[in-house]
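Written out below as structure tokens is the structure these notes cover.
Just so it is clear, none of the values below were taken in a lab; they were calculated from the coordinates. Not measured: the values here are computed from a predicted model. Positions of Cβ are generated from backbone atoms using ideal geometry, with glycine treated the same way; all protein chains shown enter the neighbour counts.
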Amino acid sequence: MPDDLKVGTATAKRGELQKGVIKGIELNTTTSIDIPVLVMNGEKDGPTALMVSTQHGIEIQGIEVILKIMREKVNPKNLRGAIIGIPVENPLAFMHHQYLSWIDNQDLGGGGSASPLTADKPNGTATERLAYILWQEAWSKADMVLNIHTNVRPDSLFFTEINVGNPKTKEKLEKMAEVFGVTNVVESVPIADDAPDTLANLAVKNGVPDILIELIDGRWISEPSITVGVRGTLNIMKAFDMIDGDIEPQEGVIIIPGICTFHGIVHANRGGLIRFLKTPGDFMKKGEVFAEIYDLYGDVLERVECPVDGYIWAYPCGDILGTPGSLQAVQTGANIAYVFTSDKQ
Ligand SMILES: [Zn+2]
């Protein structure tokens, strides 16, 4: 950890919190779209934790978690290591209230695409350039990454997601998920050396553990997301000896025990309004009906069944222009539910 930690225009000396921007891209008005960053350099040596939120522009709870951690909870005088906080990773999505960049409809993190957006193209599209500069300025300086996302209403379940397929990061990721303390979804397909250089894949290739944290009620700053997010983050910092204190178990939220595995997305076969008969976190048998799609006369068109013995973590319905959670209504083929299983069920 250097004496002067520099990220974008912010330079923090030991014991300091500083703010600045990572220079982004320019619109056709010559307006700059930059990425605000907070840099906290601890008094003593230790790991550098990068906290990022709002890779997806409607998922704003992590912004508040980062601000609470860096402005209220952690004092640089007592910190061993450093924290880099990026409240809004993708300003092109956030400024337009959209999930993806409004300008090229791309996902900064490379999600949801067969040819994902990578962070290795300084001369690429607007969003590719943001990913590149984020890697250069922030991700490449981190020893661990807390990537905070949120599901959206109606209702959802807190979880973390880790990929334990890579020996260099497995142990640290398991420790981070355990102390964060919510339902943990585990993936184990290794990231190959020739996998596309997305931000997350680059982290793995460099031996940097990158935990995905999914809070709930993403369009709002609300409880219990803030408390759960702050408590889990502080637990990770305690577990890696960045701050003093005991690990605090999560309280007041549903936690599914065991090793959980993502099963898939259930899609609508009819169009209409949708009502939910189960709450995320409820255990369901295969074939159990968890939602009904009904038309504007009130007649039920489809009774939607759970495809496996398992659980739902959220209902990402109401998708429009790639942005979920805008309306409690679906069209044929729309996303309805994320389904997962647990080895302990
Ligand atoms: Zn997200």
Review point. In whole Å, what is the distance between the alpha-carbon centres of region 76-91 and region 224-255?
Key: 16 Å
Study note, to complete from the structure: Counting sequence-distant residues (5 or more places) and residues on other chains, those with an amide H built under 5 Å from that of Glu187 are Ile162, Asn163, Val164
Exercise for review: Just check region 260-342 against the gyration tensor rule for me: Cα atoms, a ≥ b ≥ c as the square roots of the eigenvalues, rounded for a/c under 1.5, and otherwise prolate or oblate depending on whether a/b exceeds b/c.
Suggested key: oblate
Revision key, fill the gap. Each label sits 7 Å from Cα toward the beta-carbon; between Leu277 and Ala114 the label points are separated, in nm, by 3.6 nm
Point to revise | Whole-Hz couplings from phi, Karplus 6.51/-1.76/1.60, listed for region 286-298; x for Gly and Pro | key: 4, x, 5, 7, 10, 7, 10, 9, 10, 8, 7, 9, x
Review point. Which angle between 0 and 90 degrees, to the nearest 10, do you get for helix 167-180 versus the longest principal axis of the chain when only C-alpha atoms count?
Key: 70 degrees
Practice item. Can you pull the one-decimal nm distance between simple spin-label points at Glu72 and Lys285, each 7 Å off the Cα toward Cβ? Key: 4.6 nm
Revision key, fill the gap. Among Asp210, Asp319, Asp194, the residue with the largest mean-square fluctuation in a Gaussian network model of the chain built from Cα contacts under 10 Å is Asp194
Practice item. Work out how much length Lys168 to Asp4 would gain on full extension: take 0.36 nm times their residue separation and subtract the Cα-Cα distance, in nm to one decimal. Key: 56.3 nm
Practice item. Tabulate in residue order the Karplus-calculated ³J(HN,Hα) for region 62-77, using 6.51 cos²θ - 1.76 cosθ + 1.60 with θ = phi - 60°, rounded to whole Hz; enter x for Gly and Pro. Key: x, 4, 5, 4, 4, 5, 5, 4, 8, 9, 10, 8, 10, 9, x, 5
Point to revise | Inter-probe distance in nm under a simple model that places probes 7 Å from Cα toward Cβ, at Lys175 and Asn269 | key: 4.8 nm
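Using just the helices of the chain, give the 222 nm mean residue ellipticity in deg cm²/dmol: DSSP H runs with n ≥ 4 each add -39,500 (n - 2.57), and the total is spread over all residues, rounded to 500. All intermediate terms of the calculation are to be shown ahead of the outcome.
Numbers: 6 runs with 60 residues, N = 345.
Computed ellipticity for the chain at 222 nm equals -5000 deg cm²/dmol.
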**Study point:** Additional length obtainable on full extension of the chain from Glu26 to Phe262, 0.36 nm per residue less Cα span
**Key:** 81.1 nm
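Shape verdict for the chain, please, from the Cα gyration tensor: rounded (a/c under 1.5), prolate (a/b greater than b/c) or oblate. Kindly include the intermediate steps, with their values, before the conclusion.
Numbers: a/c = 1.88, a/b = 1.43, b/c = 1.32.
It is prolate, given that a/c is not under 1.5 and a/b is the larger ratio.
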Exercise for review: Starting from the Cα of Lys73, draw a straight line to each of the lysines and keep only those under 24 Å, dropping any in the same chain fewer than 8 residues away.
Suggested key: Lys6, Lys13, Lys19, Lys44, Lys141, Lys172, Lys175, Lys238
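Subtract the Cα-Cα distance of Glu248 and His97 from 0.36 nm times their separation in residues, and report this length gain in nm to one decimal.
Details: separation 151, 0.36 × 151 = 54.36 nm, distance 3.40 nm.
Separation in residues times 0.36 nm, less the Cα-Cα distance, equals 51.0 nm.
Using DSSP, restrict attention to beta bridges with both residues in the chain and report what percent are antiparallel, rounded to the nearest 5.
On the way: 44 of 67 bridges.
Taking every DSSP beta bridge with both residues in the chain, the antiparallel ones total about 65 percent.
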Check your understanding: Quick one: net charge of Gly272's neighbours, Cβ under 15 Å, K/R +1, D/E -1?
Key -> -2
